[in-house]
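Participant: Okay, here's the structure, questions in a sec.
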């Protein structure tokens, strides 16, 4: 891992659960010694990617990230295009829906619309999703080469030591099935009691850039529910892909595969 990679990896440690992190915890979570962590943190402070709480001296994401995010969205609108599709899918299914995008070797939620049901799944924007233990991750892997998929799964397993070691046959079979059906299903892997159905979103070049997923309580998930949700998810990802410039022929092929549950 290069010096730049190490410094930027610190940014991935921040979340809604941990909006501010002290140096000691930043060192523990990153696996770097304290001196190395401090050196990288100072570099991120100088660039504006991190800032410090003036009272606690804990680190938090800096304003430069907001500037870059706004600049990116202004030039290549993704959130603006995806938001109404996410909301429409949530309205149709009545469940929590989230859109996630790939950034380097990670897959993170960009938009989340929480269900109004009493029993519902809450997905926070900014959550990094394990490639091997979520419907979104498995769906995305189905669009990659075997070599690239295996690399990401290996990184995912190493980054989520608290999760049970993945069943190699489950991951392989789930990816293969997703490539045929156009969507992936995963239940009780990342978190007990949570099920998900996801499909891949493509850009104008035909490359996979993210996923749309429906998350619901696994106790409410059965074969009929899976088929119904899968049809809506594949239709929504097809709609979003076309709005992002993907070929209608490319997405129509996936839709036909997806509904043949």
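The values are calculated or read from the model by the stated rules, or taken from the named source; none is laboratory data. Computed from a predicted model, the values in this text were never measured in an experiment. Note that each Cβ is placed from the backbone with ideal geometry, even for glycine, and that neighbours are counted across all protein chains shown.
Participant: Specify which of the listed residues (251, 237) is modelled with pLDDT under 90, surrounded by 18 or more Cβ atoms within 10 Å (Cβ to Cβ) and part of a helix (DSSP H, G or I).
Facilitator: On the way: 237 fails: modelled with pLDDT under 90.
Answer to the selection: 251.
Participant: Within segment 1-50, take every residue that is outside any helix (DSSP H, G or I) and in contact with a helix residue (DSSP H, G or I) (Cβ under 7 Å, 6 or more places away or on another chain) and give me the one that is surrounded by the most Cβ atoms within 10 Å (Cβ to Cβ). Spell out the reasoning first.
Facilitator: The initial filter retains those residues of segment 1-50 that are outside any helix (DSSP H, G or I), namely 1-2, 14-22, 31-33, 48-50.
Checking which are in contact with a helix residue (DSSP H, G or I) (Cβ under 7 Å, 6 or more places away or on another chain) leaves us with 21, 32-33, 48-50.
Working: 21: 21, 32: 20, 33: 10, 48: 15, 49: 19, 50: 24.
If we take residues in segment 1-50 being outside any helix (DSSP H, G or I) and in contact with a helix residue (DSSP H, G or I) (Cβ under 7 Å, 6 or more places away or on another chain), then 50 is surrounded by the most Cβ atoms within 10 Å (Cβ to Cβ).
Participant: Could you check segment 105-119 and list, in sequence order, the residues that are surrounded by 16 or more Cβ atoms within 10 Å (Cβ to Cβ) and over 11 Å from the mean Cα position of the chain (by Cα)? Spell out the reasoning first.
Facilitator: Looking only at segment 105-119, we keep the residues that are surrounded by 16 or more Cβ atoms within 10 Å (Cβ to Cβ), and these are 106-115.
Passing the criteria: 113, 114, 115.
Participant: Still on this structure: Inside segment 86-132, can you point out the residues that are more than 15 Å from residue 215 (Cβ to Cβ), outside any strand (DSSP E or B) and in contact with a helix residue (DSSP H, G or I) (Cβ under 8 Å, 6 or more places away or on another chain)?
Facilitator: Passing the criteria: 88, 105, 131, 132.
Participant: Now for a separate question. Within 26 Å of residue 88 (Cα to Cα), in contact with a helix residue (DSSP H, G or I) (Cβ under 6 Å, 6 or more places away or on another chain) and not in a helix (DSSP H, G or I) - does that describe any residue in segment 142-157? It would help to see each step written out before you state the result.
Facilitator: Residues of segment 142-157 that are within 26 Å of residue 88 (Cα to Cα), as a first pass: 142-143.
Remaining after also requiring in contact with a helix residue (DSSP H, G or I) (Cβ under 6 Å, 6 or more places away or on another chain): 142.
Narrowing the set further to residues that are not in a helix (DSSP H, G or I) leaves 142.
Yes, that holds for at least one residue.
Participant: Could you check segment 158-176 and list, in sequence order, the residues that are under 20 Å from residue 222 (Cβ atoms) and either touching a helix residue (DSSP H, G or I) at 6+ places or on another chain (Cβ under 9 Å) or crowded, with 16+ Cβ neighbours inside 10 Å (or both)?
Facilitator: Answer for segment 158-176, where residues must be under 20 Å from residue 222 (Cβ atoms) and either touching a helix residue (DSSP H, G or I) at 6+ places or on another chain (Cβ under 9 Å) or crowded, with 16+ Cβ neighbours inside 10 Å (or both): just 174.
Participant: Scan segment 69-85 and tell me whether some residue there is within 20 Å of the chain's Cα centre (by Cα), buried (at least 17 other Cβ atoms within 10 Å of the Cβ), assigned to a helix (DSSP H, G or I) and assigned by TED's automatic domain parsing to the domain that holds residue 216.
Facilitator: Initially, segment 69-85 is screened for residues within 20 Å of the chain's Cα centre (by Cα), giving 69-70, 72-73, 76-85.
Narrowing the set further to residues that are buried (at least 17 other Cβ atoms within 10 Å of the Cβ) leaves 78, 82, 85.
Of the ones still in play, those that are also assigned to a helix (DSSP H, G or I) are 82, 85.
Now drop any that are not assigned by TED's automatic domain parsing to the domain that holds residue 216, which leaves 82, 85.
Yes, some residue in segment 69-85 is within 20 Å of the chain's Cα centre (by Cα), buried (at least 17 other Cβ atoms within 10 Å of the Cβ), assigned to a helix (DSSP H, G or I) and assigned by TED's automatic domain parsing to the domain that holds residue 216.
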